[in-house]
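Q: To start, I am sharing the structure in question, which I have written as structure tokens.
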Amino acid sequence: MRLRNALAIFTVSIVLVEPALSQALVEGHITLPKTRHAPVANKRYEIVSTGGVLAPYPPFAVVYLEGRFSLPAGDLPVQQMSQKDLAFVTPLLPVRVGTKVEFPNLDNTFHNIFSFSPVKRFDLGRYTSEERPIPSQVFDKPGLVTLRCDIHEHMRGLIVVLDTPHFVKTDADGRFKLGNLPSGSYKLKAWLDSKTTLERLVELKAGSTLRVDLP
Amino acid sequence: MTSLPGGESGVAAFRAKLLAAMTLVVAALTLFGLYLMERSVVRETQHDLQLAFASELSLLRTVRYIRHGSLAERCRALVRKPRIHAALEDNALDLLYPSAKDELGDALPPGESPGDATARISIRPRFYRFVDHDGAVIPPVNAPEVGALAPDEERRLTFTGVPQIQQNGFLIRSGSEIVELIATPIISTETGEAVAALVAGFPPVANERGQTGLHTGLWLDGKLHLPSLSEAARLALENEVPGVIARDEGAATKGLPVMVDGAEQMLFVERQNPGSMFPAAYEVGIFPLAGLLARQRDLRWDAALAGALLLALGVGASFYISARLAAPVRELAAVSQENRVLRERAEAALVVKGQELERSIRFSADASHQLKTPVAVLRAGLDEMLARDDISSESCEELSMLVHQTFRLTSIIEDLLLLSRLDSGRLHLELSPVDLTRVVETCVDDLRLSHVGPPLDVEIELPVEIQIAGDMRYTMLIVGNLMENARKYGHPGAPIRIVASESGDAVSLVVSNQADPIPQASREHIFERFHRATVGENIPGHGLGLNLARQLARLHGGDVRLLRSDANWTEFEVCFRNASSLPAETLEVA
């Protein structure tokens with residue numbers, strides 16, 4: 001398995017690295033919390049709370065590289081946190097600081113998305129799917145934002161606002177691959193839940209692939 | 001009725017006794033009725049009181065319960081609000097009170113002063129505070145917006161820690177305003193634990209004095225808050241309440257009569273917040289008993305009046321009844337008086353008769369004895385004269401006649417002696433088996449011997465052997481008498497028939513012959529002593545034979561009867577009892 005993975009990565013890196021040899025790549029595996037059920041293909045993600053800890057379910061992690069980066073100029077793409085069937089379609093959204101997130105209502109009922117999180121407090125008020133422009137917020141401080149609906153108390157959404165352009169979600173098994181990284185010393189972090197972020201110092205060399213397994 | 005001596009006075013005494021007894025019974029019944037009525041009056045009025053009290057109290061409590069339910073639900077709804085949760089869980093305490101104010105909406109419009117509520121039932125809180133999970137009040141941003149509280153009042157809202165379920169309590173504010181507290185835990189949707197609590201103070205249901213005069217107040221921290229009572233009465237009640245609480249731990253009590261303001265009242269105490277973490281609060285109700293007592297008094301008067309009337313009626317009725325009952329008793333007494341005189345007369349007569357009878361029996365016995373000797377002497381003299389040779393044949397014949405007469409005389413004397421023994425009850429027969437055939441044959445032989453004239457024709461029809469229970473001597477006498485009669489009264493030359501038959505225990509011997517019929521009128525008397533049928537006036541006899549035969553037969557356990565007496569045929573029957581009816585040892589001796 002591992003041999004096959006390595007072989008695949010090797011092949012991919014040959015293909016990818018060739019045009020930009022100055023870029024580094026990190027790949028690896030994050031050990032995710034054990035789940036009782038095997039992930040189902042079209043199983044919806046949701047935010048679950050266990051002992052006051054919010055985490056996506058089925059579990060996955062957000063892996064990002066922390067450091068000082070020269071931010072690319074220009075507009076960041078607008079993200080969406082849509083609500084469908086009284087739940088957030090994407091309950092956990094990692095965004096870069098300064099990203100504008102839209103909150104379209106795809107249900108036939110009102111929603112009132114708000115956040116009391118210190119990172120970003122806002123209250124969109126009640127709105128329907130007809131609401132134009134689509135209610136949106138720009139997240140300009142890094143941190144975790146808990147989204148709630150004032151009408152549907154069970155609804156939870158998380159936005160992880162990251163001060164880095166380099167981040168990626170792992171797959172359901174915890175595998176990730178983060179490319180186009182500049183060389184240098186950084187902290188590689190893996191956000192697992194609202195209380196757990198794993199990290200490791202990494203030394204990235206141009207044109208090389210670093211293997212990082214956390215923890 | 002000898003228990004009624006002296007007629008009239010006895011009746012009067014009887015009447016008086018009867019009247020007294022009946023009056024006593026009536027009085028006892030009336031008293032018992034009054035007692036029952038009294039009990040029922042007390043029970044009824046107490047029941048009514050409890051019903052009235054219970055209904056009023058239950059109305060008040062229902063109102064409270066409904067209001068409390070709505071308040072509690074309001075609090076629960078508020079603490080479920082996502083903003084409240086968000087403020088507590090997402091580290092935004094500064095938004096807590098604003099969010100609550102927002103959610104409560106009209107709850108505390110700015111400028112409303114506490115105690116301004118005119119509505120009897122208000123569901124607007126006077127104030128509210130959030131308490132954190134350590135039990136400390138989270139200070140409000142703007143206190144007047146959530147109802148100002150003095151620091152010591154604020155302290156009374158808190159507990160150590162956070163309750164897991166809703167708690168009820170009471171707070172007495174300055175100015176004796178009672179505030180009902182509802183503490184609602186805020187359960188984190190993330191941890192499932194109580195992270196904080198909302199404590200809201202509501203004005204209680206205004207308690208006005210109801211129709212039944214019920215006052216209710218609150219017992220909290222050893223103090224009674226019952227503004228409608230005078231200070232002295234309140235202090236007096238304060239001494240009573242702890243006892244009632246200690247007695248039944250504030251469960252629904254039956255009530256304790258107490259003196260308040262110089263009037264008897266019923267005291268009820270009930271815990272308002274059982275099991276609460278807030279200090280125990282008791283509802284204290286007092287209910288004036290004056291009305292109840294007045295009603296009981298009235299009812300008692302009515303009952304007493306009715307009882308008196310009943311008693312009077314009863315006494316009247318007993319008087320009448322005793323008079324009615326005494327009348328027949330008086331008659332009875334009079335009649336019995338007459339009866340007594342008659343009876344005494346009859347008794348006296350009986351005594352005289354008895355003495356006479358005794359005298360006559362003794363006389364005949366004595367006479368018989370006295371006569372026997374002279375007759376014997378007479379006969380001996382006559383026999384002696386007959387034995388002399390110098391008497392003529394004429395004289396000899398006369399003397400023989402005289403001797404014959406002495407035999408008759410002896411026979412009469414013996415019969416009389418026997419009868420007197422029978423009459424005095426001194427004759428006891430020794431019954432033993434007697435062969436009837438032998439008796440009959442002997443009698444027939446005797447009859448033939450004494451018979452003068454044409455030969456006697458006697459037909460005997462007897463079973464081979466008949467043993468009867470008898471005394472040989474007297475059995476012979478009976479049978480002989482009957483045969484002698486048959487011979488004497490029968491037509492000369494006509495046969496005498498003797499037939500014996502057995503029927504079970506009885507043995508019947510019928511002596512019959514041809515004779516003139518006995519007149520109907522005489523038939524009843526032929527068995528009497530010295531009676532002689534008119535038909536046989538020329539026939540010798542002394543009228544004792546049949547009587548003797550019957551009496552002796554009866555001593556044998558049988559009887560002598562006239563079966564038939566018609567043209568030329570007369571039948572006498574003597575009944576004996578079979579020897580088998582004798583006791584066993586007598587049979588063996590035989």
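Q: What net charge is computed for the residues neighbouring residue B:44, neighbours being all others with C-beta under 15 Å from the C-beta of residue B:44, Lys and Arg scored +1, Asp and Glu -1?
A: Numbers: positive: B:39, B:43, B:295, B:297, B:300; negative: B:38, B:48, B:298, B:302.
Net charge in that neighbourhood comes out at +1.
Q: Next question. Only Cα pairs under 8 Å and at least 6 apart count here; give the relative contact order of chain B as a rounded whole percent. Don't skip to the answer; put the middle values down first.
A: Values: 813 pairs, mean separation 58.5, N = 590.
Averaging sequence separation for qualifying contacts and normalising by length gives 10 percent for chain B.
Q: At a 10 Å Cβ-Cβ cut-off, how would you order B:19, A:147, fewest neighbours first? Intermediate values should be presented prior to the final figure.
A: On the way: B:19 19, A:147 26.
Fewest-to-most ranking of B:19, A:147: B:19, A:147.
Q: R0 = 25 Å: FRET efficiency of residue B:460 with residue B:408, Cβ-based, nearest 0.05? Mind dumping the intermediate values first?
A: Working: r = 28 Å, r/R0 = 1.11.
Efficiency, rounded to the nearest 0.05: 0.35.
Q: Kindly work out what percent of the DSSP beta bridges joining two residues of region B:435-511 are antiparallel, to the nearest 5. Can you show the working numbers first?
A: Values: 7 of 11 bridges.
That works out to approximately 65 percent antiparallel.
Q: For residue B:429 and residue B:48, what is the calculated FRET efficiency with R₀ set at 60 Å and r taken between the beta-carbons, to the nearest 0.05? All intermediate terms of the calculation are to be shown ahead of the outcome.
A: Working: r = 93 Å, r/R0 = 1.55.
So the FRET efficiency works out to roughly 0.05.
Q: Using a 10 Å cut-off on Cβ atoms, rank the peptides B:342-351, B:131-140, B:572-581 from the highest mean neighbour count down. Walk me through the numbers on the way to the answer.
A: Details: B:342-351: 10.1, B:131-140: 15.8, B:572-581: 20.2.
Listed from highest to lowest mean packing, they are B:572-581, B:131-140, B:342-351.
Q: Would you compute, from DSSP H runs of 4+ residues alone, the mean residue ellipticity of the protein assembly as shown at 222 nm, taking -39500 (n - 2.57) per run and dividing by the full residue count, rounded to the nearest 500? Let's see the in-between values first.
A: Numbers: 13 runs with 311 residues, N = 805.
Mean residue ellipticity, 222 nm, calculated: -13500 deg cm²/dmol.
Q: Return the average number of partner chain Cβ atoms within 10 angstrom of each residue Cβ along peptide B:78-86. It would help to have the intermediate numbers written out before the result.
A: Numbers: counts 0, 0, 1, 2, 12, 7, 2, 3, 11.
Neighbouring Cβ atoms belonging to other protein chains average 4 per residue here.
Q: If I model a spin label as a point 7 Å beyond the Cα along the Cα-Cβ vector, how far apart are those points for residue B:501 and residue B:528 in nm?
A: Each label point lies 7 Å from its Cα, and together they span 3.2 nm.
Q: Averaging sequence separations of C-alpha pairs under 8 Å and six or more residues apart, then dividing by the length of region B:228-300, give the relative contact order as a whole percent. Please report the intermediate quantities before stating the final value.
A: Working: 86 pairs, mean separation 16.9, N = 73.
After rounding, I find 23 percent.
Q: Mind sorting A:29, B:451, B:531 by how few other Cβ atoms lie within 10 Å of their own Cβ, fewest first? Don't skip to the end; give the middle numbers.
A: On the way: A:29 18, B:451 12, B:531 15.
Listing A:29, B:451, B:531 from fewest to most nearby Cβ atoms yields B:451, B:531, A:29.
Q: Next question, about the same structure. In which sequence would B:214, B:59 go, from the one with the fewest C-beta neighbours within 10 Å to the one with the most? Spell out each step's value before the answer.
A: On the way: B:214 20, B:59 11.
Ranked by crowding around the Cβ, least crowded first: B:59, B:214.
Q: With Cβ to Cβ distances under 11 Å as the rule, what net charge do the other residues near residue B:166 carry (K, R +1; D, E -1)?
A: Details: positive: B:76; negative: B:73.
The answer is 0.
Q: Relative contact order of region B:148-207: what whole-number percent is it, with Cα pairs under 8 angstrom and at least 6 residues apart? List each step's numbers first, then the result.
A: On the way: 88 pairs, mean separation 16.9, N = 60.
Computed over region B:148-207, the figure is 28 percent.
Q: Distance between Cα centroids, region A:89-112 to region B:281-312: provide it in whole Å.
A: Taking the Cα centre of region B:281-312 as reference, the centre of region A:89-112 is 78 Å away.
Q: Once the Cβ-Cβ distance between residue A:140 and residue B:159 is put in as r, and R0 is 45 Å, what FRET efficiency do you end up with, to the nearest 0.05? Show your work: numbers first, answer last.
A: Details: r = 42 Å, r/R0 = 0.94.
Result of the calculation: an efficiency of 0.60.
Q: Pairs A:34/A:195; A:84/A:177; A:34/A:189; A:141/A:205; A:84/A:187; A:84/A:169: which exceed 26 Å Cα-Cα? Before the final figure, lay out each step's value.
A: Values: A:34/A:195 17 Å; A:84/A:177 30 Å; A:34/A:189 20 Å; A:141/A:205 30 Å; A:84/A:187 36 Å; A:84/A:169 22 Å.
Too far apart for the 26 Å limit: A:84/A:177; A:141/A:205; A:84/A:187.
Q: Now for a different question. In nanometres, what is the gap between the two model label sites at residue B:569 and residue A:130, each 7 Å from Cα along Cα-to-Cβ?
A: Modelled inter-label distance: 14.6 nm.
Q: Same structure again: Let's see if you can work this out: charge +1 on each Lys and Arg Cβ, -1 on each Asp and Glu Cβ, no other charges. What is the dipole magnitude of chain B about its Cα centre, in debye to the nearest 20?
A: Working: 57 positive and 77 negative charges, 418 e Å.
Computed charge dipole of chain B: roughly 2000 debye.
Q: For region B:319-393 and region B:164-203, what is the centre-to-centre distance using only Cα atoms, to the nearest Å?
A: 123
Read-outs throughout are calculated quantities, based only on the coordinates presented, and are distinct from any laboratory measurement. This structure is a prediction, so every number in the text was calculated from the model and none was measured. Neighbour counts are summed over all protein chains in view; Cβ atoms, including those assigned to glycine, are modelled from backbone coordinates with ideal geometry.
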